[in-house]
Amino acid sequence: MDMLVILRDPSDGDLHSRHANREAYMPAFTPHFSRRSLGEKGVEVRLGHPLLDDYLRFVAARCRPNSVLAAGYDLKVFFAFVGKEPVDVTTADMFEFITSQRFPVKGNNVIRIDDGEKGLSARTIARRLATLSGLYGYLSSCNLIGANPVPTGLSVRARTDRRREARTIPLIRTPRTLPRILDSAAAGAFVGALRTHRDRAMMLAMLLGGLRRSEVLGLHLTDIALADRKVTITEGKGGHHRIVPVAPAFFAALADYLDHERPTDATTTSVFLVLKGPRRGQPLSFAGVDEIVRGARGRAGIDHLTCHMLRHTCLTRLREAGMSLEAVQAQAGHRNIESTRIYLHLSNTWLAEQYHQAITALDDALTGTNEAR
């Protein structure tokens, strides 16, 4: 007779005692994604499996809420596909999962304009593999599995001696595409279509300060330095803090919002709050910001616009205006300057100026050589 192992509540006992009998028979696992907001403390995500829920608690203790949500959803997608217990997953299962992710999502005749692919984007698949690698690295560290089943790449050159590493190629090649930006007319039309001082302040923080959406919503009253025209970012990507200047137009819109629109009875220190309805006085959500963007975009007659496009537009214009790459990196909050170099290619003038300067010198040198002959 098959034996069913009853696992205790995650809060009861240590990790090893809860999973000591993991090799015993268990029914096929079907993940059930659930989320619960913890207010300013973050978000709780569960999938209904002790091992996965333990890992998600670990992720929540060290990552931002969006990262926790993404990890939970990625794990849900994988285990819904593979239909196995986490400890039974093999590398072959990983390869099958990768293949399935490249199948057309919406039919063979539908492709993405950005890269011409039919399945999920390479970035999405690479992120899901990174999530799975993190899970199995965690399980391996807890001595719950032998080896990490997530492949790191395909070997194309054997290691010939101790001084040379074996050469591998990535499983998923992620294209480095240029982000979209707005021209001046579209940016002006979008800002003009915003209906409240709050909305204008939020969008100008991204368009004139290069802030991320999460950074705008993470601002607190103590983060605003009106006299210095600077803001302190405490909800930066990866938990990194920075202080950045923002244009006077942002502070003017912010002052109007704080003086005339922000609920006076609010108990939270978050800057941007809901202005009406049952959630009046509570921090504005990501969905709320996206709804504001969609409405203003439609009124302005713009087909495609996102919060990140506003940020890209700001950083590109700063580079075009002559701001050094290191300064743009600091403004953007990039840990690696390679992330900032993309704005060199977005700039309309930088490459042309560099090319014409170099080609003029080359042309003069060639002309001088021919005249000497």
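Values computed for the structure shown
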item	result
Options Gly277, Gly281; residue that is on the phi > 0 side of the Ramachandran plot and either in contact (Cβ under 8 Å) with a residue 12 or more places away in the chain or in a helix (DSSP H, G or I) (or both)	Gly281
Which listed residue is outside the structural domain of His241 (by TED's automatic domain parsing) and either at pLDDT below 90 or in contact with a helix residue (DSSP H, G or I) (Cβ under 9 Å, 6 or more places away or on another chain) (or both), from Ala361, Ala321	Ala361
Unique match (being free of Cβ contacts under 8 Å to residues at least 60 places away in the same chain, among the hydrophobic types (A, V, I, L, M, F, W, C) and within 21 Å of Leu182 (Cα to Cα)) among Leu325, Leu318	Leu325
Subset of the stretch 227-238 [under 29 Å from the mean Cα position of the chain (by Cα) and either surrounded by 11 or more Cβ atoms within 10 Å (Cβ to Cβ) or without any contact (Cβ under 8 Å) to a residue 12 or more places away in the chain (or both)]	Arg229, Lys230, Val231, Thr232, Ile233, Thr234, Glu235, Gly236, Lys237
Failed criterion for Leu275 (all others in (1) within 19 Å of Leu194 (Cα to Cα); (2) in contact with a strand residue (DSSP E or B) (Cβ under 6 Å, 6 or more places away or on another chain) hold)	(2)
Options His345, His312, His308: the member that is in a helix (DSSP H, G or I), touching a Leu at 6+ places or on another chain (Cβ under 9 Å), modelled with pLDDT of 90 or more and in the same structural domain as Gly209 (by TED's automatic domain parsing)	His312
Residues that are part of a loop (DSSP other than H, G, I, E, B) and surrounded by 14 or more Cβ atoms within 10 Å (Cβ to Cβ), drawn from the stretch 249-267	Glu261, Arg262, Pro263, Ala266
Residues of the stretch 83-96 that turn out to be surrounded by fewer than 19 Cβ atoms within 10 Å (Cβ to Cβ) and assigned to a helix (DSSP H, G or I), as a count	7
Scan of the stretch 178-229 for residues that are basic (Lys, Arg) and out of contact with any Cys (no Cβ under 7 Å at 6 or more places or on another chain), ordered by number	Arg180, Arg195, Arg198, Arg200, Arg212, Arg229
Failed item in (1) over 19 Å from Thr269 (Cα atoms); (2) assigned by TED's automatic domain parsing to the domain that holds Leu254, with Pro179 passing the rest	(2)
Odd one out for Arg36 among (1) exposed (fewer than 14 other Cβ atoms within 10 Å of the Cβ); (2) modelled with pLDDT under 85	(2)
Test: residue in the stretch 11-22 that is under 23 Å from Thr234 (Cβ atoms), modelled with pLDDT under 85 and outside any helix (DSSP H, G or I)	no
Unmet requirement for Leu226, which otherwise passes all of (1) touching a Phe, Trp or Tyr at 6+ places or on another chain (Cβ under 8 Å); (2) modelled with pLDDT of 95 or more	(2)
Number of positions in the stretch 269-295 that are in contact with a Ser or Thr (Cβ under 6 Å, 6 or more places away or on another chain) and basic (Lys, Arg)	0
Residue in the stretch 268-282 that is of a type in the set (A, V, I, L, M, F, W, C), surrounded by fewer than 16 Cβ atoms within 10 Å (Cβ to Cβ) and assigned by TED's automatic domain parsing to the domain that holds Gln329 present	no
All positions within the stretch 42-82 that are in a loop (DSSP other than H, G, I, E, B) and closer than 17 Å to Ser214 by Cα	Gly42, Cys63, Arg64
Qualifying position, being at positive phi and either at pLDDT 85 or above or surrounded by fewer than 17 Cβ atoms within 10 Å (Cβ to Cβ) (or both), among Gly146, Gly107	Gly107
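The values are calculated or read from the model by the stated rules, or taken from the named source; none is laboratory data. Everything quoted here is computed from the prediction, not taken from an experiment. Counting neighbours? That spans all protein chains shown, and the Cβs are built from the backbone with ideal geometry, glycine included.
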